[in-house]
1. Can you tell me which of (1) touching a helix residue (DSSP H, G or I) at 6+ places or on another chain (Cβ under 8 Å); (2) closer than 21 Å to residue 85 by Cα; (3) surrounded by 17 or more Cβ atoms within 10 Å (Cβ to Cβ) is the one residue 214 doesn't meet?
2. Considering every residue within the stretch 129-145, establish whether at least one is touching a strand residue (DSSP E or B) at 6+ places or on another chain (Cβ under 6 Å), crowded, with 21+ Cβ neighbours inside 10 Å and over 30 Å from residue 243 (Cβ atoms).
3. For residue 345, all conditions in the list (1) more than 19 Å from residue 28 (Cα to Cα); (2) at pLDDT 85 or above; (3) crowded, with 16+ Cβ neighbours inside 10 Å hold save one; what is the number of the exception?
4. Can you list residue pairs whose Cβ atoms sit under 7 Å apart, with the first residue in the stretch 23-40 being assigned by TED's automatic domain parsing to the domain that holds residue 290 and the second being surrounded by fewer than 24 Cβ atoms within 10 Å (Cβ to Cβ) and not in a helix (DSSP H, G or I)? Count only pairs 6 or more apart in sequence or on different chains.
5. Within the stretch 321-344, identify whether any single residue is assigned by TED's automatic domain parsing to the domain that holds residue 375 and farther than 26 Å from residue 21 by Cα, and answer yes or no.
6. So which residues in the stretch 149-174 are crowded, with 17+ Cβ neighbours inside 10 Å and either part of a loop (DSSP other than H, G, I, E, B) or not assigned by TED's automatic domain parsing to the domain that holds residue 211 (or both)?
7. Here is a list: 338, 360. Which entry is at pLDDT below 80 and buried (at least 17 other Cβ atoms within 10 Å of the Cβ)?
């Protein structure tokens with residue numbers, strides 16, 4: 001009996017007992033499905049973070065200075081616009097710096113009134129953050145210096161207060177003060193949980209006046225090279241500690257740190273689910289071995305007849321071993337399909353980019369193959385060692 005005949009005989013045997021075959025595969029299906037689902041979600045989450053951070057221009061050379069010792073900060077922010085200017089002026093290895101002040105205020109145009117997000121920024125934001133103006137212009141250094149009451153609006157704000165017309169040149173009341181609109185930003189959608197289209201961008205100085213605060217939300221620093229981020233962070237740390245009277249009232253975030261945190265979370269979850277998957281595969285292996293031993297017992301007379309008409313021990317071993325391997329690999333394929341479907345459903349719900357890890361699929365197939373090898377050898381050996389005379393006498 002060659003391999004093809006063994007495969008055909010194995011498939012015929014499984015078709016004759018469809019329900020039992022599927023139930024036997026269940027442990028392998030669950031184990032493989034869990035691996036595929038979690039690994040795919042972890043990879044998708046990494047891609048999502050890269051896209052979100054990269055879409056805002058936060059490349060690998062970006063460094064964000066946050067107030068407080070931790071997230072969220074317990075104490076009020078002590079970061080200031082003057083801090084950001086001094087960082088840009090005094091420290092080396094820096095490409096550019098953007099101070100960020102985020103708040104909210106009531107806006108009104110005619111009878112339309114609603115609360116919108118306020119972003120206080122400087123003129124260099126669009127080039128650094130990969131953010132374009134689609135109508136009008138962005139802020140200028142003169143706007144910043146003279147505290148001009150001008151604003152650049154997001155598309156959602158435009159649609160809300162200036163439906164069907166350009167707001168450039170028009171006046172919008174924000175926080176009870178009149179701001180002239182000079183531009184409209186491109187549509188960005190949500191990024192890292194923030195709606196980038198429902199906001200008004202003001203000169204950082206005008207935003208400080210409007211929100212009546214000199215405390216920044218964050219300072220974004222772009223190092224001249226990704227390799228210099230650590231050196232720049234050390235310089236900023238020493239500089240701010242000196243300016244803030246030796247107080248560590250700030251902390252840092254980088255893209256690599258965000259990815260590292262995400263990697264640690266997904267790694268822990270992967271290990272946890274890998275343990276569950278391993279148990280499922282072990283249970284599946286025991287189930288396959290048990291069913292194969294039952295199958296050998298049920299087909300004892302068949303084994304005796306086949307040996308009587310010339311089947312060798314090798315033929316019988318190959319037949320039952322192939323049957324166990326088909327069950328295991330079949331469970332692996334079904335597990336990959338189930339894991340891919342569940343991962344796709346979760347990604348669609350969470351808004352993550354869909355993708356399945358190739359190496360996870362390969363590892364899943366290899367694992368199911370190993371399960372088949374481990375669970376099929378002993379039952380196949382039992383079948384091959386049957387005495388033909390005793391087998392023919394079996395009732």
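1. (3)
2. No, the stretch 129-145 contains no residue that is touching a strand residue (DSSP E or B) at 6+ places or on another chain (Cβ under 6 Å), crowded, with 21+ Cβ neighbours inside 10 Å and over 30 Å from residue 243 (Cβ atoms).
3. (3)
4. Hits for this filter: 36/356; 39/357; 40/355; 40/356; 40/357.
5. yes
6. 149, 154, 162, 167, 168, listed by residue number.
7. Checking each option against the conditions leaves just 360.
The values are calculated or read from the model by the stated rules, or taken from the named source; none is laboratory data. Since the structure is predicted, the reported quantities are computational estimates derived from the model, not experimental observations. Note that we place each Cβ from the backbone using ideal geometry, even for glycine, and neighbour counts take in every protein chain shown.
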